[in-house]
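All of the numbers you see were taken from the coordinates with simple rules; none came from a lab. Keep in mind that what you see is a predicted model, and the values were worked out from it rather than measured. Positions of Cβ are generated from backbone atoms using ideal geometry, with glycine treated the same way; all protein chains shown enter the neighbour counts.
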2 protein chains.
Amino acid sequence: MSQPQPLRGIFAPVLTPFHADLGVDIPRWIEHCKHLLVTGCHGLCPFGTTSEANSLGMDERIEALEQLVVAGVSPALLMPGTGACAIPDTVRLTRHAVETGCAGVLLLPPFYYKGVSDEGIFRSVAEVIERVGDDRLRVYLYHIPPVAQVGFSLSLIERLVKAYPQAVVGIKDSSGDWANQEAILRNFPGFGTFSGGERFLLDNLRLGGVGGINAVANTIPNVLRSLYELWQTPEAERIQERILALRKPFQEYAPVPGLKQIIAHFRHDPAWLTVRPPFVGLTEAQSAAVVAGLAEVDFPWARA
Amino acid sequence: MSQPQPLRGIFAPVLTPFHADLGVDIPRWIEHCKHLLVTGCHGLCPFGTTSEANSLGMDERIEALEQLVVAGVSPALLMPGTGACAIPDTVRLTRHAVETGCAGVLLLPPFYYKGVSDEGIFRSVAEVIERVGDDRLRVYLYHIPPVAQVGFSLSLIERLVKAYPQAVVGIKDSSGDWANQEAILRNFPGFGTFSGGERFLLDNLRLGGVGGINAVANTIPNVLRSLYELWQTPEAERIQERILALRKPFQEYAPVPGLKQIIAHFRHDPAWLTVRPPFVGLTEAQSAAVVAGLAEVDFPWARA
């Protein structure tokens, strides 16, 4: 577990803007990606849970990633989500990401069938790595049992790293369970452990973690960045508390529509409100509550 | 809800055989499909949960369905599963099924995001129907909350049928909850309600349901067919009980590896044992227990 960690810092699971007809709004998306990189993010995770990635078609994901790189965003800063239910689809997305030059991929386990064994998930990930068959592949396991229901246990992580030390280099822990993240950090020093929950970001860094992949990086990359830079200073606790306060305006709603509301508000751009089913947008009352909440916490909208 | 029901009877969610390299074994699959149709099944649901459909890639599903029809299986007998997480993928699979002439499609709700609203699922299904935009489309809602976690509530069914009376013609209820299936049957007479659980098959038929889509149809289509034919006779109860007894050999294991073991045994064809990750095959001890169980229940393997 002593592989160099190519990726560290604050990564945004980038929100995906849509046209009114629900098509991916590529220009607005690329602009948002670039905005995040100049306002605090070290890198980006297109096609995470917050990106409504699993509401995007396979072809849409391939096309969008190509456009992003063509538009000048360095693939060295990208860790796209590539995990699908079926091995062939996961292989297609993963191979494309590697061939596009992406520094890493964020890999969901196969998530349709429930109650599957560690052995089954191991075989699935192994099959993907073998089929992609590219020394450049760097996999970050995506552990998000509250949504995927299927996840990566400690013993499964250990087994995958032993079998593929060059390829399996890190994890995003979105379990919401600090005990789990602490166990990963303590058991696997040198492994690239990102905190999926922003509330554990400081604790992650203190225990040797490499940073955060957090939904709120879409709206407060600047604040998250400051915590990453200052975690060893006396300021750190205060910044961590401030991050928790800044979640309040949207945290009681579905995070994706809430975050899109914040962006629509600060950018004066209602096009950002569109979500793809099965998500639905906030009601007028909910939108108003989010906007009112921004004033209450003196929301530090990051301007480029 | 008075649309003619094109599909009735016993349907098999067809198991998918794989080569040793995990590729879909198309010839063996087509042979199995034809075998089921001559030994009891009225029709077939390729790409159901039992088919490991969600472990098959989008392209594999398109290709396999084409090969099946080219091989002479009438699409009028087919209700392939076409529901994926993302609307574009679902539209692609659904449009292809309709254009191939399939009598119906079995539609999972978008199943990655959890805790989504009925409104969100409604919009998702509506978007699929509108985009496919073909009068020939007949949708059977696939309600399987134990696996998909996301499902179709009674009020959502009602709303979908009202909005799309020609397209939304039925449901497969795999909730495992008889109270739910009974409520569907009583609230929506004339709707094409299939029992996803074989243990409710007789009760389904007695309350006006149209039949069953059952994993065990892969191994005992003859017995299920006899219940469908004789449900109004004094024999019915005995046949239903016999079906329950015939589940025993595999029911304590994951159903897919267990069913594949039964087919491998009776066909003397170990190629049937292969499953795709995240499933894993049975251990030798489990396989032996399944085979021993077959003798105990005098398993009536259907020979063509």
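Data table
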| item | result |
| --- | --- |
| Degrees between helix B:26-39 axis and first principal axis of chain B (Cα, 0 to 90, nearest 10) | 90 degrees |
| Ellipticity estimate at 222 nm from DSSP helix runs (n ≥ 4, -39,500 (n - 2.57)) divided over chain B, nearest 500 | -14000 deg cm²/dmol |
| Net charge dipole size for segment A:9-235 [Lys, Arg +1 and Asp, Glu -1 on Cβ; Debye, nearest 20] | 380 debye |
| Amide proton proximity set for B:ILE10, modelled H, under 5 Å, gap of 5+ | B:HIS42, B:GLY43, B:GLY212 |
| Helix B:255-267 vs. chain B, principal-axis angle (Cα, 0 to 90°, nearest 10) | 50 degrees |
| Rounded to the nearest 20 debye, dipole of the protein assembly as shown from Cβ charges on Lys, Arg, Asp, Glu | 80 debye |
| Computed Kirkwood radius, in angstrom, where 1/r is averaged over Cα pairs of chain B | 19.3 Å |
| Amide H contacts of B:THR193 (H built 1.01 Å from N, under 5 Å, at least 5 apart or other chain) | B:ILE171, B:VAL210 |
| Formal net charge of residues neighbouring A:ARG28 (Cβ-Cβ distance under 13 Å; K, R +1; D, E -1) | 0 |
| Cα convex hull of the protein assembly as shown, projected area averaged across orientations, nm² | 26.8 nm² |
| Whole-Hz couplings from phi, Karplus 6.51/-1.76/1.60, listed for segment B:186-193; x for Gly and Pro | 6, 7, 10, x, x, 6, x, 9 |
| Share, in percent, of DSSP beta bridges within segment B:9-233 that are antiparallel, nearest 5 | 5 percent |
| Average Cα contact separation per residue, segment B:5-56, under 8 Å, 6 or more apart, as relative contact order % | 49 percent |
| Loop-exposed GluC sites (Glu not before Pro) per DSSP, neighbour cap 14 Cβ within 10 angstrom, longest uninterrupted part of chain B | B:1-234 |
| Karplus-derived HN-Hα couplings along segment B:231-247 (A = 6.51, B = -1.76, C = 1.60, θ = phi - 60°), whole Hz, x at Gly and Pro | 5, 8, 9, x, 6, 4, 4, 5, 5, 4, 5, 5, 4, 4, 5, 6, 6 |
| Cβ-vector label at 7 Å, A:GLN67, separations to other copies in nm | 3.5 |
| Other-copy label distances relative to A:PRO270, 7 angstrom Cα-Cβ extension, nm | 6.7 |
| Distances in nm from A:GLN232 to the matching label points in the other copies, shortest first (labels 7 Å along Cα to Cβ) | 8.4 |
| Shielding of B:80-92 by partner chains, average beta-carbon count, 10 Å | 5 |
| DSSP bridge pairs, the protein assembly as shown: antiparallel proportion in percent, nearest 5 | 5 percent |
